[in-house]
Structure formats: C-alpha cells, structure tokens
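Data block below; observations after.
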Amino acid sequence: MKKLLSAVFVTLALSACTTPEHSSNTSVGSNSLNSPKNIIMIVGDGMGPAYTTAYRYFNDDPTTVEIEQSVFDKHYVGSSSTYPAKVSGYITDSAAAATALATGVKTYNDAISVDTNKKPLLTVLEWAKQQGKKTGVVVTSQINHATPASYLSHNENRNNYNAIADSYIDNGIKADVYFGGGWNYFIREDRNLVNEFKAAGFQYIDDYNQLSTLVLNKPVLGLFGDKGLPWALDDKEKHRLSLMTKAATKQLENPNGYFMLVEASQIDWGGHGRDIGAAMAEMDDLAKTIVFLEEYVAKNPDTLVILTADHSTGGLSIGRKTAKSNKDIHSKYLWQPEILRTLSISPEEFAKTFANNNLTLQQVNETLNFEVSSDDMALLLESKHEGIKIFEIYQQLSEEQRQTKKKWIPKVEGPILIAIKKIIDIKTNTGWGSISHSGTHTAVDVPVYAFGKGSEQFKGQIDNTDIAKNIFTLLGKK
Ligand SMILES: [Zn+2]
C-alpha cells in the first residue's frame, strides 16, 4: 500500500513539475506523503516505568474485578535507553536527556542543546519552524526550564535561567505558543521579556481562564506561575496540562502543520521530593492530556503523538519492606493507593498549613481527606516542635554565622513535610531507592508510547537519540 501510494505521488509530482530540479525533489515529496502533518512530542519528566505502572493501579476502578488498562498501556510501543554522553557516566539529567530527545545527539549533564564541545545543535523544533510549521511548548515547569529550553535554546548550563529566557527573544522567536510558568525570569528588574514578546506581536495571558478567549492566528505567551506552576494538587486547575494542551492545539492548527513539545514537568519534582501523592496527581494530569490527544488524533489522523520520559526519578518502588520493629510492618505484598486517589492537597501545602495553624486530629483528617491515627498525629506534632526548635536556633545565630549557611533558612514546615510523606509512604506501602531527601535520578530504561500517523517508527527498544532522529526524518530532514 505504501509503495502504491508513493508511486501515485511520484507520478503526480512528476506531472506537476517539468523541470529536472523539481523532479529531483520527489523524495522529499513522498516523504511528506507518509509524514504526519502535526507532531506532538510529550515528555513525562522523571516518569520511569514504576510511575506508569503505579498510575495503572492508582487509576484502577476498585468496584470491578479486573485491573483496567491505563491510557498509557494502550499506546505502549517499547522502551528507550537514556544514558548521556560518556563524560557524564550512565545517569542522565533532564538537560542532557532533553538535548538527546530534541537533537538526536548525546551530551553532558547540564547542557542545553550544545554538544560536548559546547557547540549548538539543531533541534527538531527549530527545524520544524524552518520548514514552515508552527511550533509550541506547553509545560508545567517554567518555560525556560531544562526540557523546553533544550528545544528552544542553546546554553552550556541549564542553570543560566535568565540568559536562557533572554535567548527566547535575542536569538529569534522560535515558537508561536509558550504556555507554562516563569514570571520571575520573564518579568525582571533589568528586563521585561513579556513586554518584548508583546512588542513582537504576541498576546500575553497570565490566568488559565484566558485560555478560552485567545485570538486565533496570533502568537501567544501564557505564564501562570512565578517559576513552575503550583502542584496539580494545589493548582486551581488540577488538570492544567490538558487545559493548556487543548488551547495550544487550537492556536497551532494551520495548513502546514505544527510541532509541539508538551512536558509534564513535575512528575520529576514529585520523585525528587519522594512524594507519591504529588507524583500521582501529576501523572493524572498527563493521563488526561493523553485522553484529550486520543480524541484529537481521531479527528486529526494526520497527527503523531509520542510520549516518553527523560529518565526515572527517586527510585520509586511499588511496595516496600519496613523494619521488623515497625509495628506498621506490611509483610504482605501490598501497594495501597486508595488514599492517593482522594488526596486533595499536596504534602507540601499540608505541611505549611499544619505549621501555621493548631489543627486538631479531625481537622488534619479533613485537610488531607484521609484518616491519620493518633500515633501519626503525635509524629506530626513532634515534627512541628522539631521545626520550631531548628528555626529558633537559626534565629539566635549571628549574621556572620548565618552567612556560612548561605541562603538556607530553615522552615518550621520542613520536618512536618518529611513526616507527612513518611505517613503516606507507610499507608500506601510506597518505597524509594534514594536515601537522600532530594531523591536522585536513576538510569533505568523508560517506556515509549506512540499513536497516530508515523507511530510505528518508534517501536521496540530504542535510544533517546532515535526519537529525535525519527522526528527529523518525518520532518523531511536527510
Ligand atoms: Zn530531576
């Protein structure tokens, strides 16, 4: 069928073009015939296989006997290795991984689409723009964070946040849609990049409500948070990624098609925080986005959707073994996501609330939307006292002693946050491979999902660089 179609196309192309230069272009033409018009690349930051598996059980309908497939399961096509350039060892960070996904080249950790010699690398987004497609980025981090930056910018270090934000104007505007966070970087004392985007013809919005009233065919910058957006659990729109993605597709649709990067950025932040409650809510927002895109591809079959992770984070394990002395011991094989399904506040926000108010056990239960025991309550109170004690010691330090601690200021909620996450881990039987409170990345291969036109290109065991290489090919680059 493919052969027949390209034969028909070559004949049509040849009959339309009579000069030899034109007929030599037929390979690009036949490529475009098999290529999707729109390409949507989605990154679940930190979303290793334990996250997509945990989401299946989180999403399971407890009233039925079977365990329902998740929206991810339906589109699974294979897995991808994620290692960075050898100089950075086997475990990647988000910058090197996003560079591989965006350019097809492995680089060192921290690099934003520059190679190991710090030379800029062409990204699939830049190439798509050069081919006359519209382009967009939709993320839940700040829009100048490592993953979106690796599609839009080139910098030797991901932490140069202001320089990366500046480059979005100074190196030419490369996208038609930018949705995510970033007021702190785009509205600064030394420079107001929002005004510069406006001067360049962009409409600017800073509230999700405005997503439904955007002017079509006019580029848009939408910033909805200081840095990253609030956790899905705390945001006024719990499914803000799907909301932004939906609005972005409307803005990007045009006869030449588009390339869009979507990132569920904060799954990784949940992993670093070893926070299963926050991580599952971020996964749920991503799942809603995929459900929307399933419908979108059904209506727009000329669209390809690819979803993968840049790496896994925190060493999440679905099940844990506690010490024998722990009376909460779960010697059975159990993972119990029930309380995660009803959780209505992030552990971080809960810790702040608990630090600033004298909550009763009943109020704690109402705030968390699940029941804690009196022992749990005792642990929370103990952690609050500890937090107050650490804060008081800090206050008694001289200015000079404080300087040695640099910018670190202890917060009363710090130990409370650790305690509430421990309570949730024990209740759900969730484990983490990291002993540090800022969980590490791990080098496990990550799942790849794809559907729509051209999705068969991403099957099997591949490398993260193959994803960019395939996208370049689908975009007609030789
Ligand atoms: Zn990370």
### Query
Only one residue in L125, L101 is farther than 29 Å from T428 by Cα, more than 16 Å from the ligand (Cβ to nearest atom) and within 23 Å of the chain's Cα centre (by Cα), so which one is that?
L125
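So which residues in segment 58-97 are among the small types (G, A, S), within 16 Å of the ligand (Cβ to nearest atom) and touching a strand residue (DSSP E or B) at 6+ places or on another chain (Cβ under 7 Å)? Write out each step before concluding.
Going residue by residue through segment 58-97, those that are among the small types (G, A, S) are 70, 78-81, 85, 88-89, 94-97.
Still in the list and also within 16 Å of the ligand (Cβ to nearest atom): 88-89, 94-97.
A95 - this is the single residue of segment 58-97 that is among the small types (G, A, S), within 16 Å of the ligand (Cβ to nearest atom) and touching a strand residue (DSSP E or B) at 6+ places or on another chain (Cβ under 7 Å).
Each row is one residue, and each column tells you yes or no for (1) basic (K, R); (2) modelled with pLDDT under 95.
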position: K2; (1), (2): yes, yes
position: P20; (1), (2): no, yes
position: I42; (1), (2): no, no
position: R56; (1), (2): yes, no
position: F72; (1), (2): no, no
position: S80; (1), (2): no, no
position: V87; (1), (2): no, no
### Task
Kindly indicate whether R240 is of a type in the set (D, E, K, R) and touching a Ser or Thr at 6+ places or on another chain (Cβ under 8 Å).
yes
### Message
Going residue by residue through segment 366-384, is there one that turns out to be modelled with pLDDT under 95, within 26 Å of H272 (Cα to Cα) and in contact with a Lys or Arg (Cβ under 8 Å, 6 or more places away or on another chain)?
### Response
no
### Query
Identify, please: which residue in segment 287-323 is within 16 Å of the ligand (Cβ to nearest atom) and outside any strand (DSSP E or B) and is, among those, surrounded by the fewest Cβ atoms within 10 Å (Cβ to Cβ)?
G315
#### Entry: Sole exception among (1) at pLDDT 95 or above; (2) closer than 14 Å to Y51 by Cα for G433, by number
(1)
### Task
Being assigned to a helix (DSSP H, G or I) and more than 13 Å from V43 (Cβ to Cβ) is the filter; apply it to segment 83-95 and report the residue that is nearest to the chain's Cα centre (by Cα).
S88
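Here's the yes/no breakdown for (1) within 15 Å of the chain's Cα centre (by Cα); (2) in a loop (DSSP other than H, G, I, E, B):
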| position | (1), (2) |
| --- | --- |
| G201 | no, yes |
| V215 | no, yes |
| K218 | no, yes |
| G222 | no, no |
| K227 | yes, yes |
| D234 | no, yes |
| L241 | yes, no |
| T245 | yes, no |
### Matching residues, segment 134-175, being assigned to a loop (DSSP other than H, G, I, E, B) and either on the phi > 0 side of the Ramachandran plot or surrounded by fewer than 22 Cβ atoms within 10 Å (Cβ to Cβ) (or both)
E156, N157, N159, N160, N171, G172, I173, K174
## Note on the structure
Among the residues of segment 250-275, the number that are among the hydroxyl-bearing types (S, T, Y) and in contact with a helix residue (DSSP H, G or I) (Cβ under 6 Å, 6 or more places away or on another chain) is 1
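Would you say Q461 is without any contact (Cβ under 8 Å) to a residue 24 or more places away in the chain and loosely packed, with under 15 Cβ neighbours inside 10 Å? Talk me through it step by step, then tell me what you get.
Working: without any contact (Cβ under 8 Å) to a residue 24 or more places away in the chain: no; loosely packed, with under 15 Cβ neighbours inside 10 Å: yes.
Taking the combined requirement at face value, the residue does not satisfy it.
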### Task
All but one of (1) among the small types (G, A, S); (2) on the phi > 0 side of the Ramachandran plot; (3) crowded, with 18+ Cβ neighbours inside 10 Å hold for A450, so report the exception by its number.
(2)
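The values are calculated or read from the model by the stated rules, or taken from the named source; none is laboratory data. A quick note: this is a predicted structure, and the numbers were derived from the prediction, not measured. Neighbour counts run over all protein chains shown; Cβ positions are idealised from the backbone, glycine included.
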